[in-house]
Amino acid sequence: MFFVRSLLGEPFLVVGSLPSLNDYVAHHIVSNIVNSQNTLLTQLVSVGSRAVALSKALAAHPTATANGRLSVFAVVTENGPVEDRALLRLLNMRWVTTPAFAHPTSPEAPHNVAARMGAPPSAIFVDGSEWADAAYADFALRLAEASAGQTPSVIVVPLEDDAVGPHFVLGVKLKEKFAGVKIVGALIAPRVLASALVPPGFDNVVVVEQTDAASAAVSLISKSGLIAGLRTGAAAHFARIEASKLATPTPIWVIVGDSALSHPSTLLNSEWLFENNVLDPTLERIGLEDKYRGASVEDLQLPEAVSVQIDDPVADAINLMVSRDFSQVPVLNTSRKLVGWLSLGNCQSHIRDGTLNLSSTDTVEKWMYSFTRQKRGKYVIVTPATPLQELEPLFETSYAYFVTDSSGKFTLAIVTKADLLRFLAKRGAV
């Protein structure tokens with residue numbers, strides 16, 4: 001089954017597969033929040049794939065983003081799906097990364113971070129549970145109405161190659177149902193049809209360059225919340241060309257044939273998008289320059305860090321953090337090399353549920369967040385002179401960074417995304 005929906009700012013309609021239940025619930029939540037007319041609310045905070053679904057729903061809502069008031073802030077874990085962060089980037093959303101192995105009740109656990117950031121009245125933590133029952137009940141009702149729409153002048157179908165696959169069959173069925181409507185197939189170069197003949201049911205088949213298909217797909221993602229793949233992008237690119245030729249506005253339908261999730265090496269690969277000029281890296285850099293106006297880590301005025309040894313008793317480390325009012329401390333090995341960090345909140349959560357006993361002989365190593373455990377890869381040196389515009393992108397993959405001297409040997413402080421947000425709040429730039 002397929003449905004028709006309008007895209008804001010696009011001269012055509014999109015015909016696509018029915019949304020997943022998760023996507024539908026997100027659309028329902030966004031609609032209810034928008035309809036509540038809460039003028040104080042500016043930010044929806046959620047976790048992982050729920051935040052991705054909310055971002056898509058918000059981008060697709062006809063009025064939610066009209067005045068730029070509402071936005072989604074996501075909380076993702078360091079070991080969460082790479083595609084979640086990639087989709088959030090394409091949706092122009094912001095996010096913060098939390099540790100992969102945090103205790104569920106610790107302060108840095110994803111849901112707890114989201115709950116703190118979603119403090120009323122300007123923000124709300126959206127977990128979906130309070131809306132789910134009504135959304136699921138409404139979902140079945142909407143299925144029957146999903147195919148309603150105007151008769152188009154052209155229907156563009158994304159193709160893989162040659163006359164195989166469901167979309168070729170769909171072309172035939174569309175031709176039978178919509179007499180007089182032009183049916184066009186779209187292929188991505190360098191693919192061509194093995195047969196020189198246009199497949200049955202199609203009036204024409206066009207070939208679109210991969211970069212043009214990617215640009216159209218990215219446009220659909222950012223403007224409509226439709227997570228379109230390359231084949232859908234190819235069809236949308238041709239639809240735009242056809243729309244520009246029309247003397248009077250007439251609907252053009254595009255069949256949604258794939259998702260960006262199927263293209264991790266292209267649409268979900270920032271380097272590929274930049275190298276092929278699908279995205280302009282200078283725009284992102286200029287945006288960060290304007291946000292931070294030359295400020296560096298030193299301007300954050302972070303408290304001085306006090307480190308502990310990996311083989312220190314964890315009870316001693318906890319007492320140190322409590323007495324110094326630290327929320328975390330860096331951890332050094334016997335060679336005084338940075339190997340991880342210890343969170344007071346995470347330790348206290350384990351104490352409350354009985355998994356950590358202060359009278360035990362446990363060392364810091366058992367309870368710290370380890371670089372190796374999180375599979376971080378190359379260690380990034382952050383110094384007081386590091387520009388904040390360079391620091392912000394680092395938090396896409398890590399919860400915290402050590403601030404060291406230029407050699408990386410001596411720890412001076414710990415910096416998190418929360419420190420950047422507080423800095424921007426003081427400047428009124430959040």
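Results, tabulated for the structure shown:
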{"item": "Extension gain (nm, one decimal) between residue 334 and residue 40, 0.36 nm per residue minus Cα-Cα", "result": "100.6 nm"}
{"item": "Segment 50-110 shape via C-alpha gyration tensor axes, a/c threshold 1.5", "result": "prolate"}
{"item": "Among 103-116, 219-232, 249-262, 172-185, the order from most to least packed when residues are scored by Cβ within 10 Å on average", "result": "219-232, 249-262, 103-116, 172-185"}
{"item": "Virtual spin-label span in nm between residue 261 and residue 322, 7 Å along Cα→Cβ", "result": "4.5"}
{"item": "Phi-based couplings in Hz for segment 237-245 (Karplus 6.51, -1.76, 1.60; Gly and Pro marked x)", "result": "4, 5, 4, 4, 4, 4, 4, 5, 8"}
{"item": "Partner lysines for residue 182 [C-alpha distance under 25 Å; skip if fewer than 8 residues away on the same chain]", "result": "173, 245"}
{"item": "Rounded, prolate or oblate (a/c below 1.5 giving rounded, otherwise prolate when a/b exceeds b/c) for segment 271-370 by Cα gyration tensor", "result": "prolate"}
{"item": "Within straight-line cross-link reach of residue 409, lysines at Cα separation under 19 Å, skipping those fewer than 8 residues along the same chain", "result": "337, 378"}
{"item": "Accessible heavy-atom area order of 78, 390, highest first, probe of 1.4 Å", "result": "390, 78"}
{"item": "By average C-beta atoms within 10 angstrom, highest first, the peptides 234-243, 85-94", "result": "234-243, 85-94"}
{"item": "Eligible lysines near residue 56 by straight Cα distance, threshold 26 Å, same-chain separation 8 or greater", "result": "223, 291, 417"}
{"item": "Solvent exposure, largest accessible area first (probe 1.4 Å, DNA, RNA and ligands not counted), of 349, 406, 153", "result": "406, 153, 349"}
{"item": "Gap separating the Cα centres of segment 78-110 and segment 304-373, nearest whole Å", "result": "23"}
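The values are calculated or read from the model by the stated rules, or taken from the named source; none is laboratory data. Here the structure is a predicted model, which is why all the values come from computation and not from measurement. We place every Cβ from the backbone using ideal geometry, glycine too, and count neighbours over all the protein chains shown. Keep in mind that these areas ignore ligands, DNA and RNA; they rest on the heavy atoms of the full protein, side chains included. Shrake-Rupley method; radii C 1.70, N 1.55, O 1.52, S 1.80 Å.
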